[in-house]
1. Given (1) farther than 27 Å from Asn211 by Cβ; (2) surrounded by 19 or more Cβ atoms within 10 Å (Cβ to Cβ); (3) touching a residue at least 60 places away in the same chain (Cβ under 8 Å), where does Leu115 come up short, assuming only one miss?
2. From the list Lys266, Lys324, which residue is under 25 Å from Gln102 (Cβ atoms) and either exposed (fewer than 13 other Cβ atoms within 10 Å of the Cβ) or free of Cβ contacts under 8 Å to residues at least 60 places away in the same chain (or both)?
3. When the stretch 103-114 is examined, which residues are found to be closer than 26 Å to Tyr185 by Cβ and more than 12 Å from the ligand (Cβ to nearest atom)?
4. Buried (at least 18 other Cβ atoms within 10 Å of the Cβ) and charged (D, E, K, R), is that true of Asp235?
5. Inside the stretch 47-102, can you point out the residues that are in contact (Cβ under 8 Å) with a residue 40 or more places away in the chain, near the ligand (Cβ under 9 Å from one of its atoms) and assigned to a strand (DSSP E or B)?
6. Taking the stated definitions as given, is Ala156 more than 16 Å from the ligand (Cβ to nearest atom) and hydrophobic (A, V, I, L, M, F, W, C)?
7. Could you run through the stretch 32-53 and say how many residues are more than 17 Å from the chain's Cα centre (by Cα) and of a type outside the set (Gly, Ala, Ser)?
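Derivation of every value follows stated rules applied to the coordinates shown; laboratory data play no part. None of the values given here were measured: they were computed from a predicted structure. No Cβ is skipped: glycine too gets one built from the backbone with ideal geometry, and neighbour counts run over all protein chains shown.
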Amino acid sequence: MRPSPRRLFQSLDRLAMRPKSYSFVGLGRMGYEMAYNLFSKQHAQASDSHFVVCDVVPEASQNFCQNFLKQFPGAQISIATSPEEATLASQTVITMLPSSPQVKSVYNEGIIPTLRSLPEELARTTLCIDSTTLDVDVARTVAKNVLQTGAQMVDAPVSGGVTGAKAGTLAFLVGGSESAFKLAYPFLSFMGMKIIHCGPSGAGLGAKICNNLILGVQQIVVGEAMLLGNKLGLDPAVLASVVSSSTGNCWSISTNNPVPNSLPGKSPPCERDYEGGFATGLMLKDMGLATNLSSLAGTPLPLGEAAECIYNQVIQEQPTLGKKDFSSVYQYLKNLSEEGKKVRVRYETE
Ligand code: NAD
């Protein structure tokens, strides 16, 4: 369906700006930092660029604009009140949302109908980059519908956490056609260091979900080992240093260690009462994505299922940990141990 002339006329000035305009939808822990890097580097390269931010929480957009303008007083930045407005304004639209329901609603109710309403040549020059971690099936369906409008789309979930987002050192795992990957590359390189084309639509997400399956399991076992070490009287810094230089080394022990003062000179979320990292609720979501995928693929996931169950129990039994970094699973285990309780993993039986 094409738009009414009146609506097109109203948005004509915005449409003229589309090629040099970049919209970012979802300014949460990750999106805020990613948008900041993208916009500041793009602004340094072309000062006539226009930036648009959009979040369901208006204060998130206002806060972003204020901070951005403080650092770049001459920058052109505005707030879109909906994904529809963001798509009308910009040829490049990046989304960073919690998960499948939000991506479905932002694309199916906002971005895709807007692309359908645009003149064909404008839809054709639009690029959508979704960096959310979500269900592969949902992402593929959304991408198929975007492609049908003539626009291009990649799934580009990230690895590297809030620290990587802030430093601009994220790894992007990209799914989509070769041509969409090439279009997305320059924008992704403003926000990350490693940009890997994993395959067709959904492949970036497949890789991301496999990575987080490993990470989710690892963080629990690191919590178990650090707690056991503590009971054995080991200094947490000594134990962290031994494991970091031994075969048990992994990101969860050497970068995201859950025990305060275990990583001298580093500042993992446990040093800030587990604030500011990757929320336990999001890790539970990712473990669910992995267990769903494995049941569709017919592969066994005994540790993944156990980990999903444990993160679920963390949130049920200690809800305040749901928004804290997922390394707080250590705190959950510690609390249980102090209360003399055991963790019961409830496997589903056939
Ligand atoms: P977050 O919850 O902090 O941010 C999500 C943002 O999206 C919020 O600002 C929210 O208001 C906004 N939002 C929700 N619905 C919206 C809508 N309909 N329209 C516009 N905005 C909307 O989450 P996050 O930590 O930034 O994570 C985002 C994604 O990145 C998730 O899929 C997560 O799994 C993934 N991820 C997170 C990390 C991390 O360390 N936080 C690391 C890697 C990947």
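1. Single failed check for Leu115: (3).
2. Matching residue, one of Lys266, Lys324: Lys324.
3. Hits for the stretch 103-114 are Ile112, Thr114.
4. Answer is no for this residue.
5. The answer is Thr95, and nothing else.
6. No, not satisfied.
7. Matching residues across the stretch 32-53 total 9.
Table: residues versus (1) within 16 Å of the ligand (Cβ to nearest atom); (2) part of a helix (DSSP H, G or I).
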| residue | (1), (2) |
| --- | --- |
| Ser246 | no, no |
| Ser252 | yes, yes |
| Pro258 | yes, no |
| Asn261 | no, no |
| Gly281 | yes, yes |
